[in-house]
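A short worksheet on the structure shown next.
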Amino acid sequence: VQLQASGGGLVQAGGSLRLSCVKSGGSVSGMGWYRQAPGKQRELVAGVTSDGATNYADSVKGRFTISKNSAWNTIYLQMNRLTVKDTAVYYCYADRIITRLRSWGQGTQVTVSS
């Protein structure tokens with residue numbers, strides 16, 4: 001499984017960004033996003049399963065929306081009302097069905113300025 005993330009950038013507080021993660025190869029049961037801010041541990045942002053179930057970190061509920069395409073090879077993270085606390089490198093992940101191992105994509109930087 002290979003993952004290609006995109007969509008990061010610099011945005012002002014209150015603005016929006018949309019991240020994408022494209023999967024190639026392998027079958028996965030779930031995909032999602034983690035983020036890691038400087039000096040902090042990586043934390044789960046949101047996840048979605050193949051049947052559409054979603055989960056979110058409390059800090060992003062009501063602001064971020066995770067979605068997937070019908071082919072189940074791309075996920076999106078719509079991020080609204082961004083704050084400086086959302087500044088981090090965002091990593092997409094995918095959980096492989098057969099091996100149950102987690103694959104990671106390269107990070108994409110999200111920087112929110114005040």
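Data overview
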quantity: Portion, in percent, of the accessible area of the chain that falls on carbon or sulfur, probe 1.4 Å; calculated: 49 percent
quantity: Residue-span extension gain [A71 to L101] - 0.36 nm each, minus C-alpha spacing; calculated: 8.7 nm
quantity: Reachable lysines from K85, criterion Cα separation under 16 angstrom, eight or more residues apart if same chain; calculated: K40, K61
quantity: Ratio Rg/Rh, restricted to segment 65-114 and using Cα atoms, in which Rh is the Kirkwood radius; calculated: 1.06
quantity: Vicinal HN-Hα couplings computed from phi for segment 89-104 (Karplus, 6.51 cos²θ - 1.76 cosθ + 1.60; Hz; Gly/Pro x); calculated: 8, 9, 10, 8, 9, 9, 9, 6, 6, 6, 8, 6, 8, 9, 9, 10
quantity: Potential extension, D51-S24 segment - 0.36 nm per residue separation minus Cα distance; calculated: 7.9 nm
quantity: Average accessible surface area per residue within the chain, 1.4 Å rolling probe, Å²; calculated: 53 Å²
quantity: Magnitude of the charge dipole, the chain, Cβ model with Lys/Arg +1 and Asp/Glu -1, debye to 20; calculated: 80 debye
quantity: Coordinate range along principal axes, alpha carbons of the chain, Å, largest first; calculated: 44, 26, 22
quantity: Contact order relative to length of the chain, as percent, for alpha carbon pairs under 8 angstrom and 6 or more apart; calculated: 37 percent
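The values are calculated or read from the model by the stated rules, or taken from the named source; none is laboratory data. Quick caveat, the model's predicted, so the values are computed rather than measured. Glycine also receives a Cβ, built like all others from the backbone with ideal geometry; neighbour counts cover every protein chain displayed. With ligands, DNA and RNA removed, areas are computed over all heavy atoms of the protein, side chains included. Shrake-Rupley method; radii C 1.70, N 1.55, O 1.52, S 1.80 Å.
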